[in-house]
Amino acid sequence: MEAKRPDGLVSAGPDEVTWLVERLATLRSELLRSEAESAELLAAVPPDQRASARNLIHYITLRRYDIRVLQERLAEHGFSSLGRAESHTLSQLDAVLSLLMALAGQEWARDDSPPATLTEGRERLERNTERLLGPLPDLRRQRLLVTMPSEAADDPMLVQELLAAGMDVMRINCAQDDPAAWSRMIENLRRAEEAVGRRCLVQMDLQGPGVRIGPIEPATRLVRVAPDRDEAGWPTRPAALWLTPVEEPLPAPPDTDL
């Protein structure tokens, strides 16, 4: 139960601390279970990248769960809400769990080590990002990715203006246009690089289903209610959909009975 302090703030009482510890401990177990289930995949990762792979598994597992209530209650008491833990997921969770267990008067002998601390994770993320995208531009802490419209295939000045304005990565959506158009976009970019004197990477998003962090359960098919139409497609009669309790009589025969 939460205790009210004289200044009106809320402090974490024993029941609240116990609830938080139990939720975090369960979440931690899920992260480690996912890592154990991925042992074969991890073994195939080069040793110098294995820590990053472990952390990626932990982060993907964390994002499979709706932890918004947990995050709100952690933040309410001044703890990290795990919202910025992508580079050091297990380490961040362990830090919060350790503080809560100390608050509860419990000892915790951790029998494993996280793949990265806050500092290590941040440095590794920055290092790998620079290897992939190059050094950060001057006077900016972000790189700019711009998705190309179809016009970029036939408008060289559009591409040149985007590059001059600071575009660092040209994104081509391969679900749009065709290979010939994609090639012209890249040709326009290469000419723009010579004119502007800046290098720009190209990212091509492949067509197909989006990558998700977990399976999507099949859902029941939505009911579609539409008006009657003639051969030309013009509506001839509006659809009638009545929302009433089962025990109430319908004022008129509906087009659909749910």
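Computing Cα extents along the principal axes in Å for the structure here picks out one of (i) 74, 74, 48; (ii) 62, 54, 33; (iii) 60, 46, 38, namely (i). Among Ser81, Ser29, a tally of other beta-carbon atoms within 10 Å of each Cβ gives an order, fewest to most, of Ser29, Ser81. Of the residues Leu201, Ile186, Cys174, the one whose Cα sits farthest towards the positive end of the charge dipole of segment 145-205 is Leu201 (charges of +1 on Lys and Arg Cβ, -1 on Asp and Glu Cβ, taken about the Cα centre). Here the extension length gained between Gln207 and Asp138 equals 21.5 nm, from 0.36 nm per residue of separation less the Cα-Cα distance. Among beta bridges from DSSP that stay inside the chain, the antiparallel ones total about 35%.
Packing order of peptides 168-181, 148-161, 235-248, highest average first: 148-161, 168-181, 235-248 (average count of other Cβ atoms within 10 Å over each peptide's residues). If you take the Cα centroid of segment 151-224 and the Cα centroid of segment 46-81, the two points sit 30 Å apart. Backbone phi angles across segment 121-126, fed through the Karplus curve with coefficients 6.51, -1.76 and 1.60 (θ = phi - 60°), yield HN-Hα couplings of x, 5, 5, 5, 5, 5 Hz in residue order; Gly and Pro are listed as x.
Taking amide H as placed 1.01 Å from N in the peptide plane, Leu144 has its amide H under 5 Å from the amide H of Asp168, Val169, each at least 5 places away in sequence or on another chain. Place a point 7 Å from the Cα of Glu217 along the Cα-to-Cβ direction; which residues of segment 50-76 have their backbone N under 14 Å from it? The answer is 65-66.
Counting only Cβ charges, +1 for Lys and Arg and -1 for Asp and Glu, the dipole size of segment 145-205 around its Cα centre is about 240 debye. When Tyr65, Tyr59 are sorted by how many other C-beta atoms sit within 10 angstrom of their C-beta, beginning with the fewest, the order is Tyr65, Tyr59. Simple spin-label estimate for Ser150 and Asp178 gives 1.2 nm between the two label positions (7 Å along the Cα-to-Cβ direction from each Cα).
Considering the zone a paramagnetic label at Trp108 would reach in this model (a point 7 Å from Cα along the Cα-to-Cβ line), which residues of segment 49-93 have amide N under 14 Å from it? Of the residues in segment 49-93, 74, 79-82, 89-93 have backbone N under 14 Å from the label point off Trp108.
Going by a ≥ b ≥ c, the root eigenvalues of the Cα gyration tensor, does segment 94-231 fall in the rounded group (a/c under 1.5), the prolate group (a/b larger than b/c) or the oblate group? Oblate is the answer for segment 94-231, as a/c is 1.5 or above yet b/c matches or exceeds a/b.
No lab work stands behind these numbers, since they all come straight from the coordinates. Predicted model only: the values in this text are computed from it and were never measured. Quick reminder, even Gly has a Cβ in these numbers, built from the backbone with ideal geometry, and neighbours come from all protein chains shown.
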